[in-house]
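Novice: I have a structure here, written as structure tokens, and I will follow up with some questions on it.
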Amino acid sequence: YVAEPVNSGGFALGLLATGRLSDRFQLRFNPQLLFSERSIFYRLKHPEGGQTEVTKTVESVIVTFPVQAKLQSDRIGNFRVYMLTGVKGDIDLASNARAKKADDLVKIKEYDYGVELGLGFNFFFESFIFSPEIKINNGLRNIHSRDEHLIYSNVLDRIQSRMIVFSIHLEG
């Protein structure tokens, strides 16, 4: 009857390299190691009648390589606002697309790419800069490795990664 995504969380650690192009523009490279899980809720119909509810979870360990352009405001006291946009490439180290015994899995491909858009703030302290930001990431590639012989996979046509990411950057 139903196959729909379930919201889930994750955790990432990364590095940040910034190249200053001008007073307002910066180019950033922000490689990260992301631990997350993707879940899909199924409501299945049985041939003899009745239904079952099942949630399938696919755990992911993703190495992501975003390149971003950052537009920042003037510093007002110890505060600054910035916007960013960019592209990213992802490698899922826990990809199960080549799994042999995958009867009850939803297979996910190893590579993905996408775009991101975000907003952040710089708070300047004596010895460091605290920068919370929120980004929206949209994958552009179909990461579903479709297999018509798998019950949980054959009902899905396309899977794309979509994330809302809250990040905290600490700069020394």
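Novice: Which residues, taken from the stretch 44-72, are basic (Lys, Arg) and more than 14 Å from residue 2 (Cα to Cα)? Spell out the reasoning first.
Specialist: As a first pass, look at the stretch 44-72 and keep what is basic (Lys, Arg): 45, 56, 70.
Residue satisfying the conditions is 70 alone.
Novice: For residue 75, indicate whether it is more than 27 Å from residue 139 (Cβ to Cβ) and either surrounded by 14 or more Cβ atoms within 10 Å (Cβ to Cβ) or of a type in the set (A, V, I, L, M, F, W, C) (or both). Spell out the reasoning first.
Specialist: Numbers: more than 27 Å from residue 139 (Cβ to Cβ): yes; either surrounded by 14 or more Cβ atoms within 10 Å (Cβ to Cβ) or of a type in the set (A, V, I, L, M, F, W, C) (or both): no.
For residue 75, the condition - more than 27 Å from residue 139 (Cβ to Cβ) and either surrounded by 14 or more Cβ atoms within 10 Å (Cβ to Cβ) or of a type in the set (A, V, I, L, M, F, W, C) (or both) - is not met.
Novice: Here's something else I'd like to know. Residue under question is residue 1, and the condition is that it be open to solvent by less than 50 Å² (accessible area, probe 1.4 Å) and either under 30 Å from residue 95 (Cβ atoms) or in contact with a His (Cβ under 8 Å, 6 or more places away or on another chain) (or both); does it hold? Let's see the steps before the verdict.
Specialist: Values: open to solvent by less than 50 Å² (accessible area, probe 1.4 Å): no; either under 30 Å from residue 95 (Cβ atoms) or in contact with a His (Cβ under 8 Å, 6 or more places away or on another chain) (or both): yes.
Spelling it out, it is not the case that residue 1 is open to solvent by less than 50 Å² (accessible area, probe 1.4 Å) and either under 30 Å from residue 95 (Cβ atoms) or in contact with a His (Cβ under 8 Å, 6 or more places away or on another chain) (or both).
Novice: For the stretch 51-70, does any single residue satisfy the condition of being assigned to a loop (DSSP other than H, G, I, E, B), out of contact with any Cys (no Cβ under 9 Å at 6 or more places or on another chain) and open to solvent by less than 60 Å² (accessible area, probe 1.4 Å)? If you could, list the steps in order and put the result at the bottom.
Specialist: Step one: filter the stretch 51-70 for residues assigned to a loop (DSSP other than H, G, I, E, B), giving none.
No: the stretch 51-70 contains no residue that is assigned to a loop (DSSP other than H, G, I, E, B), out of contact with any Cys (no Cβ under 9 Å at 6 or more places or on another chain) and open to solvent by less than 60 Å² (accessible area, probe 1.4 Å).
Novice: Residue 163 is checked against (1) in a strand (DSSP E or B); (2) open to solvent by 30 Å² or more (accessible area, probe 1.4 Å); (3) farther than 21 Å from residue 40 by Cβ and fails just one. What number does that condition carry?
Specialist: Checking residue 163 against (1) in a strand (DSSP E or B); (2) open to solvent by 30 Å² or more (accessible area, probe 1.4 Å); (3) farther than 21 Å from residue 40 by Cβ, the one that fails is (3).
Table: residues versus (1) out of contact with any His (no Cβ under 8 Å at 6 or more places or on another chain); (2) in contact (Cβ under 8 Å) with a residue 60 or more places away in the chain; (3) basic (Lys, Arg).
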site	(1), (2), (3)
14	yes, no, no
28	yes, no, yes
42	yes, yes, no
58	yes, no, no
73	yes, no, no
86	yes, no, no
90	yes, yes, no
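Novice: Of all residues being open to solvent by 40 Å² or more (accessible area, probe 1.4 Å), hydrophobic (A, V, I, L, M, F, W, C) and more than 14 Å from the chain's Cα centre (by Cα) in the stretch 21-40, which is nearest to residue 107 (Cα to Cα)? Just the residue, please. First the steps, then the outcome.
Specialist: First pass over the stretch 21-40, keeping only residues open to solvent by 40 Å² or more (accessible area, probe 1.4 Å): 21-25, 27, 29, 33, 35, 37-38.
From what is left, the residues that are hydrophobic (A, V, I, L, M, F, W, C) are 21, 25, 27, 29, 33, 35.
Among the residues that remain, those that are also more than 14 Å from the chain's Cα centre (by Cα) are: 21, 25, 27, 29.
Details: 21: 42, 25: 40, 27: 35, 29: 30 Å.
The selected residue is 29.
Novice: Shifting gears a bit: Given (1) of a type in the set (A, V, I, L, M, F, W, C); (2) open to solvent by 70 Å² or more (accessible area, probe 1.4 Å); (3) in a loop (DSSP other than H, G, I, E, B), where does residue 106 come up short, assuming only one miss?
Specialist: Just one mismatch for residue 106, condition (2).
Novice: Moving to a separate point now. Being at pLDDT below 95, touching a strand residue (DSSP E or B) at 6+ places or on another chain (Cβ under 8 Å) and among the basic types (Lys, Arg) is the filter here; which residues of the stretch 119-172 pass it?
Specialist: Of everything in the stretch 119-172, those that are at pLDDT below 95, touching a strand residue (DSSP E or B) at 6+ places or on another chain (Cβ under 8 Å) and among the basic types (Lys, Arg) turn out to be 141, 158, 162.
Novice: Mind listing just one residue for me: the one in the stretch 133-145 that is among the charged types (D, E, K, R) and crowded, with 17+ Cβ neighbours inside 10 Å and, of those, nearest to residue 53 (Cα to Cα)?
Specialist: We begin by selecting, within the stretch 133-145, every residue among the charged types (D, E, K, R); these are 133, 135, 141.
Checking the rest, the ones that are also crowded, with 17+ Cβ neighbours inside 10 Å come to 133, 135.
On the way: 133: 37, 135: 32 Å.
Restricting to residues being among the charged types (D, E, K, R) and crowded, with 17+ Cβ neighbours inside 10 Å, the top hit is 135.
The values are calculated or read from the model by the stated rules, or taken from the named source; none is laboratory data. This is a predicted model, so every value here is computed, not measured. So basically every Cβ, Gly included, is an ideal-geometry build from the backbone, and we count neighbours across all protein chains shown. Surface areas here come from the heavy atoms of the whole protein model, side chains and all, with no ligands, DNA or RNA. Shrake-Rupley method; radii C 1.70, N 1.55, O 1.52, S 1.80 Å.
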